[in-house]
Amino acid sequence: MPIRALIALCIASLCGCSSTDTPKTGMGGQERTGRVYLIRGIFTPVCLGVDKLTRQLKASGLKASVHSYVQADDIATRIEAKQAAGAAREPLVIVGYSTGGNTAISLAKRLARSNIPVDLLVTIDPLPTTSARVPPNVQRCLNYYQTLIPGIPLLAGGKVAVEKPDATALENINFRHSPLHRGFVHHFNMDEQPGITSTVRSLMLEVCPPTVT
């Protein structure tokens with residue numbers, strides 16, 4: 001890829017989301033309740049798996065958009081503004097990959113200060129930091145991680161913890177030991193693994209049921 005084109009992609013990733021809030025109608029033209037925010041990582045201006053998942057969710061009738069990891073405050077402000085305007089409560093799902101996973105947890109923490117619940121938080125290979133503690137406003141957290149080389153945390157994610165185990169259902173899944181693991185899986189293609197994205201998509205469709213008309 002030419003350097004100029006790569007720079008343009010990086011700028012686009014940092015400056016705005018790559019998809020609109022308007023969902024494509026799913027099978028039978030039916031839309032779903034809920035809102036999904038997907039967040040890319042710092043070293044992944046173009047996250048093929050995250051972008052593909054966003055398109056699939058929109059095609060299924062969900063309101064979904066993908067964002068840069070620097071946009072957490074903008075996302076939080078948008079969600080808080082909706083609540084302040086008296087918008088009806090809908091399921092809220094946040095997905096973060098790599099550094100975006102850590103950003104997703106930080107976003108959930110800010111929403112906790114505004115008493116806004118998060119129905120589902122999904123992190124894919126987040127960086128292993130001591131601040132990766134999920135706040136109690138998150139009802140369920142699903143974290144996929146793996147080490148590239150056992151015992152060596154090189155470009156690999158890690159487990160996350162919850163602040164209140166009785167408030168948040170947490171699943172830490174080491175994808176290296178999953179029966180869905182296929183081929184050479186590493187940090188930079190974790191978001192492209194069908195064994196992860198298909199499971200996450202199915203779970204979101206459960207959390208965000210069809211709109212009742």
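The values are calculated or read from the model by the stated rules, or taken from the named source; none is laboratory data. These numbers come from a predicted model, not from an experiment. Quick reminder, even Gly has a Cβ in these numbers, built from the backbone with ideal geometry, and neighbours come from all protein chains shown. Accessible surface areas use protein heavy atoms only, side chains included; no ligands, DNA or RNA. Shrake-Rupley method; radii C 1.70, N 1.55, O 1.52, S 1.80 Å.
Could you order R182, R133 by accessible surface area, starting with the largest, using a probe radius of 1.4 Å? Spell out each step's value before the answer.
On the way: R182 150, R133 105 Å².
Accessible-area ranking of R182, R133, largest first: R182, R133.
Full extension of the chain between Q30 and S202 yields a length gain of 60.3 nm, computed as 0.36 nm times the residue separation minus the alpha carbon distance. Amide H contacts of V95: Y37, L38, I39, V122, each under 5 Å away and 5 or more positions distant or on a separate chain (H built 1.01 Å from N in the peptide plane; Pro and chain starts excluded).
For V134, the residues whose amide H sits under 5 Å from its own are A161, V162, E163, ignoring neighbours fewer than 5 places away on the same chain, with H placed 1.01 Å from N. Counting 0.36 nm for each residue step from A59 to R176 and taking away their Cα separation leaves a gain of 39.1 nm.
Modelled spin labels at V212 and R113, positioned 7 Å past Cα toward Cβ, are 3.6 nm from each other. With both bridge residues required to lie in the range 66-213, what share of the DSSP beta bridges run antiparallel, to the nearest 5%? Antiparallel: roughly 5 percent of the beta bridges in the range 66-213.
Between the residues A72, S98, C141, the greatest Cα displacement towards the positive end of the dipole of the range 67-144, with unit charges on the Cβ of Lys, Arg, Asp and Glu, is found for C141.
With the simple spin-label model, which puts each label point 7 Å out from Cα in the Cβ direction, the A169 to H186 separation comes to 3.6 nm. Other residues whose C-beta falls under 12 angstrom from the C-beta of P135 contribute a net charge of +4, scoring Lys and Arg +1 and Asp and Glu -1. Modelled label positions at K159 and L48, each set 7 Å beyond Cα in the direction of Cβ, lie 3.2 nm from each other.
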